[in-house]
Amino acid sequence: MCGIVGYVGTTSGTTALDVVMEGLARLEYRGYDSAGVALVAEGQVAAQKRAGKLVNLRQALVDAPLPASRTAIGHTRWATHGGPTDQNAHPHRGGDDGKLALIHNGIIENFHSLKTQLLADGVGFASETDTEVAAQLLAQAYAGDLTEAMRTVVNRLEGAFTLLAVHADNPGVVVGARRNSPLVVGRGEHENFLGSDVAAFIGHTRQAIELGQDQIVTITPESIDIIGFDGAPAQGKPYEVTWDAAAAEKGGHRSFMAKEIAEQPHAVADTLLGRTDESGRLVLDELRIAEEDLRRVSKITIIACGTAAYAGMVAKYAIEHWTRIPCEVELAHEFRYRDPVIDSTSLVVSISQSGETMDTLMAVKHANDLGAHTLSICNTHGSTIPRESDAVLYTHAGPEIAVASTKAFLAQITASYILGLYLAQLRGTLSEEEIAEITHELGEVPHKLSHLLDSMDRVREIARFMADSRSVLFLGRHVGFPVALEGALKLKEIAYIHAEGFAAGELKHGPIALIEPGQPVFIVVPSPSTAHGLHGKVVSNIQEIRARGARTLVIAEEGDDDVVPFADEIIRVPATPTLLAPLLTVVPLQVFACELATARGLDVDQPRNLAKSVTVE
Ligand code: F6R
């Protein structure tokens, strides 16, 4: 997500602007589409911001230099509300006098109602961002004490946010606040730092302080004061950063892939943010397709490639079940070459992390030509596929750097579920209570994911032990089938091991011939509560392959004892409703592939022959 740097003090030979620009460069790995800085000098706030890479901002600073200062904030933005433009880039100003500047990471869920109130108060806005709302509120609340104003404002905000602000009348002060979004303090000698992670200041200090949830920090060159959102004095957790700069970018993980796997609770939580009201009703103001057209949809076609297509396969089970609209999933590169039956009552949903995959883009254009309504589920603001589509539902996974997709997959499933529930709500195929129950269960997933991620040591051991495997098979059924396909894809693409995913029911129609003594097979077992006795059928499949010598690696819900006699290894996942289970069951398979590839000494983040964004057909 966005990168944030704040600085007060002076180091010999450098200015606050230099420190902040260096911090932004170190945060580039987080991915961004615009950047900006603000500093306090000569009783004013001076700022510069540009869409695009840091080089654009640097050029703007050469063309129009800012005055020397000892107080500065800087930001790299990954667009969420509003496209990646100069106007939407941070910092944002607050107040008529422009004396306040603010930067933000996260999503302010209730920005719409706050903005309506501000507009009624006669406040004007220069951008489409939720951030500017916070800047204007802060300017309204400011009465000489920036920390106190921040406290007033954060108590009005809902969602996830890190905020940093400076005010022209408070030189030498930067105030930060965090809720559900990261912010760390760097402690220096006659200087202090704030950063979205330690990479922001690792060139200057290794003494860091971790802030707790719902805390506000005020830094000056000589002091670091922390309070809670309730105003009570609070403590951070001091620690020494032992990572080098490269490791700091990866948050201490060995690879970006490992880091992104660990970020999945946030990817799901952020994708859910702002999409429901207090009663659990879906609110998708961002969809630009008329409700009437959505009610008339007679068929949904999901088009995507690779991992995104597997997310679509998972979504199909839920969408058909909830909406009773026929839903098909098609590889984007096959779609437009087979004369698909599409008309103005078709909803064609593309899923793409990058928003630039040429195969998917061409399929979307084809669907547009056929008169379909096109909706893009995408992780990258301002990318081509959302622009070519009638509507977009952004996933908020944050930038994905590793070539192998992980957190985007979970965010894509989450967004597809939001879409399915929204359609069910519009068409009345689920009751309000049913929708509220499912959204509640979805809201529980991030917590379950964190718990699951904390219990992956055995999976890593198994992976290291299996580093020399020549072939691994993956079986699943129902929503576990696409999970099996995804597990196999992850292993192929980063560990270069032959891997195949199958629908478990298909075994005896051919694949079972592959089973020989010692053949490792992962089996994704559905919850015992799954309808139609599916669980028992998969348990029988495990017995069948084990009887033929397979080494069974069983992914099963906590408390499922039926699998115990037939499992060589059991990997437990928290219990969750069947349709939501892929958000959990895929995690051990991601961790397995990542660890195994690492154990083989491979470049996990940049596998051979692959690119992150496939912009050719
Ligand atoms: C696999 C992977 C790819 C992508 C596919 C689509 O780990 O990342 O299979 O899912 O190339 O990419 P996007 O989602 O950018 O359209």
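Observations
- The orientation-averaged shadow of the Cα convex hull for the range 457-599, equal to a quarter of the hull surface, comes to 7.4 nm².
- Zone residues, the range 398-425, relative to Glu291, backbone N less than 19 Å from point 7 Å out along Cα-to-Cβ: 418-425
- Shown are Cys305, Cys594, whose ranking by accessible area with a 1.4 Å probe and every protein chain present, most to least, is Cys305, Cys594.
- Candidate lysines for bridging to Lys49, where Cα separation is under 18 Å - those fewer than 8 sequence places away on the same chain excluded: Lys99
- Restricting attention to the chain, close to 60% of DSSP beta bridges with both partner residues there are antiparallel.
- Gyration tensor (alpha-carbon) shape descriptor, the range 3-248, a/c threshold 1.5: rounded
- Carbon + sulfur, % of accessible area of the chain - ligands and nucleic acids excluded, 1.4 Å: 49 percent
- A full extension of the chain between Asn155 and Gln117 corresponds to an added length of 12.1 nm, given 0.36 nm per residue minus the alpha carbon distance.
- Remark: relative contact order (the range 256-453) = 31 percent; criterion is Cα-Cα distance under 8 angstrom and separation of 6 or more residues.
- Note on Leu426: accessible area approximately 30 square angstrom, rounded to 10, probe 1.4 Å, nucleic acids and ligands left out.
- Helical segments meeting 27 Å axial Cα length and Kyte-Doolittle -1.0 threshold in the chain (DSSP H): 407-427, 432-453
- Pairs of lysine residues in the range 256-453 that meet both criteria, 8 or more places apart or on different chains and Cα atoms under 28 Å apart, total 9.
- Amide H contacts of Ile377 (H built 1.01 Å from N, in plane; Pro and chain starts excluded): Ser350, Ile351, Ser352, Leu393 sit under 5 Å, all sequence-distant by 5 or more or on other chains.
- Per residue, the convex hull volume that the Cα atoms of the chain enclose (Å³): 158 Å³
- Stokes-Einstein D for the range 437-504, Kirkwood Rh over Cα pairs, 37 °C, 0.692 mPa s (µm²/s): 239 µm²/s
- Listed by chain and number, the lysines whose alpha-carbon sits under 17 Å from that of Lys537, ignoring those within fewer than 8 places in the same chain, are Lys508.
- Reachable aspartates and glutamates, given that their alpha-carbon falls under 13 Å from the alpha-carbon of Lys237 and they are not under 8 places away in the same chain: Glu210, Asp225
- Think of a 1.4 Å ball rolled over the protein heavy atoms: the chain then has 37 Å² of accessible area per residue.
- Of the listed residues Met358, Met150, the order by accessible area with a 1.4 Å probe, largest first, is Met358, Met150.
The values are calculated or read from the model by the stated rules, or taken from the named source; none is laboratory data. Quick caveat, the model's predicted, so the values are computed rather than measured. Positions of Cβ are backbone-derived with ideal geometry, glycine not excepted, and every protein chain shown enters the neighbour counts. Ligands, DNA and RNA are stripped out before the accessible areas are found, and what is left, the full protein with its side chains, is counted by its heavy atoms. Shrake-Rupley method; radii C 1.70, N 1.55, O 1.52, S 1.80 Å.
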